[in-house]
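To keep things clear, I will list the structure first and then write my remarks on it.
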Amino acid sequence: MSKNTRVPGYMQSKAARNARGIIGDREIRFKCSLQNTILDVLRGRPGWQEVPGPNFQQQNMQQNSRPAAGSQTSTQPPDGKGNKTGSTGTTPSNTQNSPATSGGKTGDGDWDFYWCDREWLHQNYDTMFLHEHQKILHFRNHYELTRKNLMVKNLKRLKKQTEREQGKSEGLSFDFHPTTYELPSEYHIFVEEFKRNPGITWIMKPAAKSQGKGIFLFRRLKDITDWKKGEYQPLTDTTREVPETYVVQRYIENPYLIGGRKFDIRIYVLVVSYNPLKVWLYRDGFARFSNTRFSLDSIEDAYVHLTNVSVQKNAPDYDPEKGCKWSTLRLRQYLSAKHGSEAVKKVFKGIDNIITKGLQSVQKIIINDKHCFEMYGYDILLDDDLKPWLIEINASPSLTASGKEDYELKFGLLNDLLNVLDLENRLTGKEKRIGGWDLLWDDGPVLADDGNMECTTNGTSVTTANSFLGCHNDRKRQLREIYTSAQAIKKT
Ligand code: ADP
């Protein structure tokens, strides 16, 4: 039995009972595949109860080994070896039509909310029927945005379409990812580009790996031909049928440095619907610094060039007490002090543009499903002109805390994510801010409330976007306010 069997006050209130929330007036049953901060958050949430028992995946595989009938739309991701090199072009569908084989049951009781891992989803989704109220992490084909090769392909396609429909100048708003080619399929185009730009640095990355695995930098074509021989002619590796898909990308040689060190910014974005597109942006994120001073002389040194915490924590001089992170609040303050608030607003506006364009590039491809939500981790790098570049988008950003401050950030982030999903039905659905999440896009750009009018240089007032990345996050006070006001509205 869970510790959290207490029915919270808000569920016992008359208003809540009358409102007949998404779940109703019983406890909310959850499952969680992870053993980190998200599990703490779920276990600590009043009125939520953990569904115990064996993993559904095993049961489902035993009971249901046949493939889903009529399941033309495979939601299996392209495998790590890159068998599938392009977008599926799948049309959006409502998965209410999925074969009703499992009933969203775990074998030991239903769940209302499942923080599942991607592998579980890929193995089970095609054979699963979800009830009206159930919520599950990940859209089925999330990899369209989170595979490095597919992300770039989708962005390039939307850019072309935008240029066709709105003119070349509009297409410029897509120039935020470094020139990228997929290997092996675009090897010859890459070689032409390589020859046109002698002396520059390139970075090779496996399309489907993370945490800096398999990444290397190079300047000579010979380096890649040596790698190519090893990768593409695996004489000894009989398990590998096809070469692994890589992306080769122009390396950003002029990153913005603080204290001589390179960093990238991790930003959290929540999508609750793709059709219409509804996007929330979390105020807190962090900059991840490399431990060693930046230099282009040592391109083989991962500790200089890769800012992943999983890489940096193995650096010989890594100090776990100090860590290698700055909050986005601290970063924003630093940049404002150094470059002024106008320059900083431009940086953050550029980041908003990256967030929305990224999502729009897959809006018609992602299989929209009202049961699904996704919390993305965007990785953004600034260059020394303060231009933000999109490095990649993660569907499973790390929720393991690297220290106390990091734990607090992730705990608040995830708790507020549950507040946005509002399975308890405590809010009105019209909120533009919930805790640390601000509604950035709701079938169009969301503007901040009138109180946030901003004066332009020519003296006129403009309303700004409802975007507050790196701004103060007084989430607890804000939550108290919106819950009080929602309760008052629901009573009337
Ligand atoms: P992974 O999924 O393995 O983390 P990323 O694409 O996020 O791969 O790259 C890992 C790190 O390498 C990034 O955090 C960043 O510091 C660095 N990096 C990646 N691509 C580039 C690039 N084009 N220019 C400069 N640095 C890059």
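Bear in mind that the values in this text are calculations on the coordinates, not laboratory data. None of these values were measured; they are calculated from a predicted model. Quick reminder, even Gly has a Cβ in these numbers, built from the backbone with ideal geometry, and neighbours come from all protein chains shown.
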Next on the checklist: Beyond a 23 Å Cα-Cα separation, which of these cross-linked pairs lie in this structure: K357/K387; K31/K205; K148/K370?
Outcome noted: K31/K205; K148/K370
Checklist entry - Where in the stretch 325-343 does the amide nitrogen come within less than 16 Å of the point 7 Å from the Cα of D385, taken along Cα to Cβ? => result 343
Checklist outcome for this item: Non-local residues with an amide H under 5 Å from the amide H of A465, with H modelled 1.01 Å from N and Pro and chain starts lacking one, are A448
Checklist outcome for this item: Sorted by chain and number, the residues with a modelled amide H under 5 Å from that of R29, at a separation of 5 or more or across chains, are Q49, D112, F113
Checklist entry - What is the stretch 274-347's relative contact order, in percent, from Cα pairs under 8 angstrom and six or more apart in sequence? => result 32
Checklist outcome for this item: Most packed first (mean Cβ within 10 Å per residue), the peptides 158-169, 469-480, 41-52, 371-382 order as 371-382, 41-52, 469-480, 158-169
Checklist entry - Using a Förster distance of 56 Å, how high is the FRET efficiency between H188 and K476, based on the Cβ-Cβ distance and rounded to 0.05? => result 0.50
Checklist entry - Residue by residue through the stretch 329-341, which ³J(HN,Hα) values in whole Hz follow from phi under the Karplus form 6.51 cos²θ - 1.76 cosθ + 1.60 (θ = phi - 60°), with glycine and proline marked x? => result 4, 5, 5, 4, 5, 4, 5, 5, 5, 8, 10, x, 6
Checklist entry - In straight Cα distance, which aspartates and glutamates are under 13 Å from K404, not counting same-chain residues fewer than 8 positions off? => result E321
Item to check | Under-5 Å amide H pairs with R261, H placed in peptide plane, nonlocal only | outcome: F294
Checklist outcome for this item: Here FRET efficiency (C-beta to C-beta, N353 to Q211, R₀ 22 Å, nearest 0.05) is 0.20
Next on the checklist: For the stretch 145-199, compute Rg over Rh where Rg is the Cα radius of gyration and Rh is the Kirkwood radius from the inverse mean 1/r over Cα pairs.
Outcome noted: 1.03
Checklist outcome for this item: Taking the stretch 393-439, the equivalent ellipsoid from its C-alpha gyration tensor has semi-axes in Å, biggest first, of 23, 12, 10
Next on the checklist: Under 25 °C and 0.890 mPa s, how fast does the stretch 238-306 diffuse according to Stokes-Einstein, given a Kirkwood radius computed over C-alpha pairs? Answer in µm²/s, whole number.
Outcome noted: 157
